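In what follows, a single structure is set out as structure tokens and then discussed.
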Amino acid sequence: MAAFNFLVFSDAHLHEHPFQAKDDGTVYGMQGLNSRLVDCAKQFSHMVSYALDNDIRHILFGGDMLHSKKHVTKDVYNVLHACFAECQDLGIQFILIPGN
């Protein structure tokens, strides 16, 4: 039986958290973003790099991608879209489970 490698993570809670944040971050070519949102995106990119370095082609997300489903800002949406696009461009299948 062939091995099936995948990376699992959860509880990203993407949001423009205001505590100790600055609006000067840059990620995926977007500038002036909330620095805490940028930190989350950079961690996602680091995880994708880890997957590539270790020949992992599937990432499973176990829930709580967004901090609030009632209020998703344009910047949060754009960063999330860029994260998914990065996976697609690199040939990584991203499997998303909604909620918890």
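Considering only residues of the range 1-39 that are of a type in the set (A, V, I, L, M) and in contact with a strand residue (DSSP E or B) (Cβ under 7 Å, 6 or more places away or on another chain), which is surrounded by the most Cβ atoms within 10 Å (Cβ to Cβ)? Walk me through it before giving the result.
Quick first cut of the range 1-39, residues of a type in the set (A, V, I, L, M) only: 1-3, 7-8, 12, 14, 21, 27, 30, 33, 37-38.
When the remaining residues are screened for being in contact with a strand residue (DSSP E or B) (Cβ under 7 Å, 6 or more places away or on another chain), the result is 7-8, 14, 21, 27, 33, 37-38.
On the way: L7: 16, V8: 10, L14: 23, A21: 16, V27: 20, L33: 22, L37: 25, V38: 23.
The extreme case among them is L37.
From the list Y28, Y50, Y77, which one is among the aromatic types (F, W, Y) and in contact with a helix residue (DSSP H, G or I) (Cβ under 7 Å, 6 or more places away or on another chain)?
Working: Y50 fails: in contact with a helix residue (DSSP H, G or I) (Cβ under 7 Å, 6 or more places away or on another chain); Y77 fails: in contact with a helix residue (DSSP H, G or I) (Cβ under 7 Å, 6 or more places away or on another chain).
Selected residue: Y28, the only one of Y28, Y50, Y77 that is among the aromatic types (F, W, Y) and in contact with a helix residue (DSSP H, G or I) (Cβ under 7 Å, 6 or more places away or on another chain).
Taking Y50 as the residue in question, decide whether it is modelled with pLDDT of 95 or more and either surrounded by fewer than 14 Cβ atoms within 10 Å (Cβ to Cβ) or outside any strand (DSSP E or B) (or both).
Numbers: modelled with pLDDT of 95 or more: yes; either surrounded by fewer than 14 Cβ atoms within 10 Å (Cβ to Cβ) or outside any strand (DSSP E or B) (or both): yes.
Yes; evaluated as a whole, the condition is true for this residue.
Could you say which residue among K42, K22 is among the basic types (K, R) and within 17 Å of the chain's Cα centre (by Cα)?
Working: K22 fails: within 17 Å of the chain's Cα centre (by Cα).
Among K42, K22, only K42 is among the basic types (K, R) and within 17 Å of the chain's Cα centre (by Cα).
Which one of the conditions (1) within 21 Å of I92 (Cα to Cα); (2) loosely packed, with under 15 Cβ neighbours inside 10 Å; (3) basic (K, R) does R57 fail to meet, given that it meets all the rest?
It fails just one condition, (2).
Hey, among the residues in the range 68-87 that are over 14 Å from the mean Cα position of the chain (by Cα) and either surrounded by 12 or more Cβ atoms within 10 Å (Cβ to Cβ) or free of Cβ contacts under 8 Å to residues at least 40 places away in the same chain (or both), which one's farthest from D11 (Cα to Cα)? Quick ask: steps written out before the conclusion?
Step one: of the range 68-87, the residues over 14 Å from the mean Cα position of the chain (by Cα) are 68-74.
Cutting the leftovers down to either surrounded by 12 or more Cβ atoms within 10 Å (Cβ to Cβ) or free of Cβ contacts under 8 Å to residues at least 40 places away in the same chain (or both) gives us 69-74.
On the way: K69: 13, K70: 17, H71: 17, V72: 16, T73: 18, K74: 20 Å.
That would be K74.
Test V8 against the stated conditions and say whether it is part of a strand (DSSP E or B) and out of contact with any Lys or Arg (no Cβ under 7 Å at 6 or more places or on another chain). Break it down into steps so the answer makes sense when it comes.
Details: part of a strand (DSSP E or B): yes; out of contact with any Lys or Arg (no Cβ under 7 Å at 6 or more places or on another chain): yes.
Against the criterion (part of a strand (DSSP E or B) and out of contact with any Lys or Arg (no Cβ under 7 Å at 6 or more places or on another chain)), V8 qualifies.
The values are calculated or read from the model by the stated rules, or taken from the named source; none is laboratory data. Please read all numbers here as calculations on a predicted model, not as lab measurements. With ideal geometry, Cβ positions are generated from the backbone for all residues, glycine too; neighbour counts draw on all protein chains shown.
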